Amino acid sequence: MHPLPSPFRGTLSDIDLALLRDFAEIAAAGGITAAEGRLGKGKSAISLGLTKLESRLGLRLCERGRSGFRLTERGEAHPLRRA
């Protein structure tokens, strides 16, 4: 696997860090529904935060929808993702 460039430019805020922590929990749980209890948030709030993080980073971290949840190659390679 080749290193993935990060399109993010700028300063991380507390909100960015919270969104990154949420992403790590979502990935560790295996999906948004499974992460609800871990994060103490509903699916809608989790999904909105994930969309905001993806927009901020300029990349897609996961595919989600009726067909289920899976991390993209970039989501799998993200350094904050928990094993």
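The values are calculated or read from the model by the stated rules, or taken from the named source; none is laboratory data. Because the structure is a prediction, the values reported are computed rather than measured. When we count neighbours, we look across all protein chains shown, and the Cβ atoms used for this are built from the backbone with ideal geometry, even at glycine.
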Could you please find all residues in region 34-57 being within 21 Å of residue 74 (Cα to Cα), surrounded by fewer than 18 Cβ atoms within 10 Å (Cβ to Cβ) and more than 10 Å from the chain's Cα centre (by Cα)?
-> 34, 48, 55, 56
So, of the residues in region 58-83 that are modelled with pLDDT of 85 or more and closer than 15 Å to residue 16 by Cα, which turns out to be surrounded by the most Cβ atoms within 10 Å (Cβ to Cβ)?
-> 61
Cβ-Cβ below 9 Å, separation at least six or inter-chain, first residue in region 52-77 and without any contact (Cβ under 8 Å) to a residue 24 or more places away in the chain, second in a loop (DSSP other than H, G, I, E, B) and of a type in the set (Gly, Ala, Ser): which pairs?
-> 70/31
